[in-house]
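Novice: Following this message is one structure expressed as C-alpha cells.
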Amino acid sequence: MTTEEFKTNIQEAIQVFAKGNLTKNSLDLFSKLGYVTERRAPLDKPTFEEFQDTYISDQRFDEAKARVKEWKYVDLLFQLSREEVSQQASLFDTKQVDKTIIETYLFFALELTCEEYNRTDLSNITREINRLFPMPVMVLFKYGNKLTFSVINRRLHKRDESKDVLEKVTLIKDISIESPLRAHIEILFDLSFQELLNKHQFTNFVELHNAWQKTLDTKELNKRFYSELFNWYLWAVQSVRFPNDVNDDKDDNVYNAESVIRLLTRLIFVWFIKEKNLVPETLFNVKKLKTILKDLKPESEKTSVYYRAILQNLFFATLNTPMDKDITDENKDEKRRFINTLPKTGNDQYLDQTKYRYHEYFVNPDKALELFATIPYLNGGLFECLDFKEGNKEIRFDGFSSTEKRQAFVPDKLFFANEFVLDLNAEYGTKGKKYKVEGLINILDSYKFTIAENTPLEEEIALDPELLGKVFENLLASYNPETQTTARKQTGSFYTPREIVNYMVDESLIAYFKQKLDDSEEVETRLRDLFAHTTDLPEFSKKENTALIKAISETKILDPACGSGGMFVQSVKFIEAHHGNKKEISIYGQEYTNTTYKLAKMNLAIRGIDSSNVKWNNEGSFLNDAHKDIKADYIIANPPFNDSDWSGELLQKDARWVYGVPPSSNAN
C-alpha cells in the first residue's frame, strides 16, 4: 500500500464516524493505524453507571471535572500489551526508562452530549480517567461532528515509585468527521504503528510512548508548516512585483521579499482572528469567490484579482478603518466605501488608503461592502498601508492604488494552485531535489489554528499565535545579510526554543516569589514543585498564599528588546495557570524593528493583554531606554558587548557603569 492510499484509508475511517456504532468505528480506525489486538473487555453496557461499577469503586474520581452527566457512550476498546506489540516489533520488552515503567496501554472511546468542548474540559476528563488505572489511558472523544484524540504523559513519583504522576495532556483536537484537515490526517499517519517503528525503532512501551510524545510535539507541527510556508515564500518572491519607488541600494528582489513577508504576516494574523469568527470564511473559499469576483482565475500566473480585490481591501480599507457603526459626524470621512472615481484633478481621495479600490473587479460592489461590513477595526498598525506622498513624489511600498502602473502584482495562482513540483535547488543550494509548493490559501486551510494558549498541563496540536512572530523573524533572516542566513541554511528549525523562554520566566518568577516569602531552601523546593506543573501540587499556608497572590498582582514585566512579545505571553500564561489575573500585572517593552513592534502589539491584543507600555524605539533600548524609570529586581538579558561595534564610545559616561566602563571594542 502506498503512503497516499494509507492516508486515504485513515480519512475514510474518520468519515465513517458520521453514523454507526462508536466502538466498532473506533476499533476500525485504530486497526487502520496498525494497533491490532484481541485483548478486549468491553463494558456490558456503554454507560457511565457501568463504567463506575467496573472501574471506580472507592477510588478518587471527580465526577464534576469528568463531566459524567454529559457521557453519552463509553467503552473500553482494547488493551495493548507486550504480547500483541511483540508480534509486530521484535525485541519488544518491558523495562524502566527515564524513571518510567509502562507495560500496557488502555484505549477508551467516549461520546459526549454537547456540540463543543474546550481543551481544558477534555484534559480534565482524560486526567480523571487516568487516575483510575496504573497504565496510560488514551481516550478517543466524539462530540457533535468532531473527534479528539487525547494522550497523557506520566512518570514515576519522585518520592514514591509505587505511584505515577499525571503530567501534560496532549490533544489532537476537533478533527472534522465530514472533512478532516490534511494536517490531522498527517498527524494520525505519523502516529500509525509502522510509521513510528520506522522512525523511532522502539523496543519497549516507554520508547513507544516517547515516540508518541515526540510525534505529538507542536514543534514538529511547526517545522512541517514552516517548511511548506518557506517553499511558498521562495516561489512567491520569484513571482510577485511590488513597486520600488525609493532610490536606495535595495534591488527589486529585496523589496519583493520584504513585501511578501508583510503579506504573509498580515494574512496569518487574519487566519488567527478568523478562528474567533471575526472574518468570514467566504473571503477564502474559491467557489464562493467566483460568484463575487468577475474574472478570478485561481490557477493563473497572469492575473492578480484576489490579492487586489480581496486581500488589499481587507488589510487596508477594512481592518485599518473604523466600522460604520462607529462612524460619527466627527469622523464621517472614514466611512467604509469605495474611493471616489472622479477626474484626476478633483480626486481628493487619491492617496486615501482607507478607501476600497478595484470596484470594477466585483460583480456587485455594494454586496462586496456588505461582505466586509462585519469585520472589526484593528488599531495596531500591522494593517496600515505603507504608501505615502513625500512632497510631489509618491512612495509606494504596498501598491494599493487605482493606477495600474503603481499597483502590486501577486498572481492568483500563488493563493489557489494545487500542489506541484517546483525547482528550488538554486535557492536551497541542492542538486536534483524535488520541492513541492501549493497555493497559500490551500496551505493555511490544511492546518488547525488556535488562539487558545498551550500550558504545561495541556497542549493542543495546532498552530498558535506565537507562530506569527517567529514566521516573520525567520523569514526576515532568510535574506537579511546582517544575519548571514540564507535560504541554503534554512532547516525548518526556526523557533527559538520555547523551553528556553519557559526556563527564563520560571527562574525569574521563582526568585521573585522566594523573595516575597522566605529566602530558604525549603521554600525554593516547594516553589520548584509548583513550577513543575504536576497534579501533586505542594502545600502553602494561608499566609503564604496571600503573599503569593499579592506578589502576582504587583508583578511588573519588562522586556527591553521584546520582539513579537513571547516573553510577555509566557509570563501571563504562567500567572493565569495559577489563577492570577492578567489585568493586574504591568507590562513594559520596547522593540527596534517597526513591523516586529506592530506584531507584538497585535500578539498581545489577540490575548487581551494591555500593551499600552510597549513602545517602538528605533534608536534601540541600549542607547535610548524608553523606560528609564522602571526598576527591576531581576534582569535576564544578553548585553551587546560581544559585538565589536556596540556603540560603546557613545556611552562612556553612562550611569549604568557601576563596576567600570566596558571597552568600546569587543568586551568578551
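The values are calculated or read from the model by the stated rules, or taken from the named source; none is laboratory data. Source: prediction; values computed, not measured. Using ideal geometry, Cβ is built from the backbone for each residue, glycine included, and neighbour counts are taken over all protein chains shown. Heads up: the accessible areas ignore ligands, DNA and RNA and are worked out on the full protein's heavy atoms, side chains in. Shrake-Rupley method; radii C 1.70, N 1.55, O 1.52, S 1.80 Å.
Novice: Could you please find all residues in segment 235-265 being of a type outside the set (Phe, Trp, Tyr), part of a helix (DSSP H, G or I) and at pLDDT below 90? So that I can check it myself, show each step before the final result.
Specialist: Our first condition is that a residue be of a type outside the set (Phe, Trp, Tyr); within segment 235-265, this holds for 236-241, 243-254, 256-265.
Narrowing the set further to residues that are part of a helix (DSSP H, G or I) leaves 236-239, 252-254, 256-265.
Matches in segment 235-265: Asp252, Asn253, Val254, Asn256, Ala257, Glu258, Ser259, Ile261, Arg262, Thr265.
Novice: Condition check: of a type outside the set (Val, Ile, Thr) and crowded, with 16+ Cβ neighbours inside 10 Å. Does Asn581 satisfy that?
Specialist: Numbers: of a type outside the set (Val, Ile, Thr): yes; crowded, with 16+ Cβ neighbours inside 10 Å: no.
Here the answer is no, as Asn581 does not meet what is asked.
Novice: Here's something else I'd like to know. Checking the conditions here, which among Ile10, Ile14 is of a type in the set (A, V, I, L, M), outside any loop (DSSP other than H, G, I, E, B), touching a strand residue (DSSP E or B) at 6+ places or on another chain (Cβ under 7 Å) and touching a residue at least 40 places away in the same chain (Cβ under 8 Å)?
Specialist: On the way: Ile10 fails: touching a strand residue (DSSP E or B) at 6+ places or on another chain (Cβ under 7 Å).
Step by step, each of Ile10, Ile14 is checked, and only Ile14 is of a type in the set (A, V, I, L, M), outside any loop (DSSP other than H, G, I, E, B), touching a strand residue (DSSP E or B) at 6+ places or on another chain (Cβ under 7 Å) and touching a residue at least 40 places away in the same chain (Cβ under 8 Å).
Novice: Condition test on Leu296, is it buried (at least 17 other Cβ atoms within 10 Å of the Cβ), touching a residue at least 40 places away in the same chain (Cβ under 8 Å), hydrophobic (A, V, I, L, M, F, W, C) and part of a loop (DSSP other than H, G, I, E, B)?
Specialist: yes
Novice: Please enumerate the residues belonging to segment 56-67 that are open to solvent by 40 Å² or more (accessible area, probe 1.4 Å) and more than 33 Å from the chain's Cα centre (by Cα). Spell out how you get there, then give the answer.
Specialist: The first filter runs over segment 56-67 and keeps only residues open to solvent by 40 Å² or more (accessible area, probe 1.4 Å), leaving 57-60, 62-65, 67.
The answer is Ser57, Asp58, Gln59, Arg60.
Novice: Then there's this: Condition first: at pLDDT 85 or above and either among the basic types (Lys, Arg) or crowded, with 19+ Cβ neighbours inside 10 Å (or both). Now tell me which residues in segment 276-293 satisfy that.
Specialist: Scanning segment 276-293 gives Val279, Leu283, Phe284, Lys287, Lys288, Leu289, Lys290, Ile292, Leu293.
Novice: Grab the helices (runs of 4 or more DSSP H) fully contained in segment 57-149, keeping just those with 1 or more residues being modelled with pLDDT of 95 or more and under 30 Å from Ala452 (Cβ atoms).
Specialist: 63-66, 119-131
Novice: Let me ask something else. For the subset of segment 21-49 comprising residues that are among the aliphatic types (A, V, I, L, M) and part of a loop (DSSP other than H, G, I, E, B), which member is most open to solvent (accessible area, probe 1.4 Å)?
Specialist: Val36
Novice: So, Lys470, is that one charged (D, E, K, R), more than 30 Å from Ile125 (Cα to Cα) and modelled with pLDDT of 75 or more or not?
Specialist: No: the conditions fail for Lys470.
Novice: Does segment 533-551 hold any residues that are surrounded by 15 or more Cβ atoms within 10 Å (Cβ to Cβ) and either touching a residue at least 60 places away in the same chain (Cβ under 8 Å) or over 24 Å from Glu167 (Cα atoms) (or both), and which are they? Walk me through how you get there before you give the answer.
Specialist: Quick first cut of segment 533-551, residues surrounded by 15 or more Cβ atoms within 10 Å (Cβ to Cβ) only: 533-534, 540, 544, 547-549, 551.
Listed by number, the residues that qualify are His533, Thr534, Glu544, Ala547, Ile549, Ala551.
Novice: Of all residues in segment 425-457, count the ones that are modelled with pLDDT of 80 or more and either open to solvent by less than 30 Å² (accessible area, probe 1.4 Å) or touching a Ser or Thr at 6+ places or on another chain (Cβ under 6 Å) (or both).
Specialist: Total meeting the criteria: 13.
Novice: Among the residues of segment 395-424, count how many are of a type in the set (D, E, K, R), open to solvent by 30 Å² or more (accessible area, probe 1.4 Å) and in contact (Cβ under 8 Å) with a residue 40 or more places away in the chain.
Specialist: Adding up the residues that qualify gives 2.
Novice: Identify, please: which residue in segment 299-323 is assigned to a helix (DSSP H, G or I) and open to solvent by 10 Å² or more (accessible area, probe 1.4 Å) and is, among those, farthest from Asn285 (Cα to Cα)?
Specialist: Of everything passing the filter in segment 299-323, Arg308 is farthest from Asn285 (Cα to Cα).
Novice: Filter segment 565-599 for residues that are touching a Ser or Thr at 6+ places or on another chain (Cβ under 8 Å), among the hydrophobic types (A, V, I, L, M, F, W, C) and modelled with pLDDT under 80 and give the result.
Specialist: Scanning segment 565-599 gives Ile575, Ala577, Ile585, Leu599.
Novice: Quick one: count up the residues across segment 204-216 that are over 21 Å from Lys32 (Cα atoms) and open to solvent by less than 40 Å² (accessible area, probe 1.4 Å).
Specialist: 2
Novice: Follow-up. Find the strands (runs of 3 or more DSSP E) located wholly in segment 547-622 whose residues include 2 or more that are among the small types (Gly, Ala, Ser), and list them.
Specialist: Passing ranges, in order: 586-591.
Novice: State yes or no: is Lys219 touching a Pro at 6+ places or on another chain (Cβ under 7 Å), more than 20 Å from Ala417 (Cβ to Cβ) and surrounded by fewer than 21 Cβ atoms within 10 Å (Cβ to Cβ)?
Specialist: no
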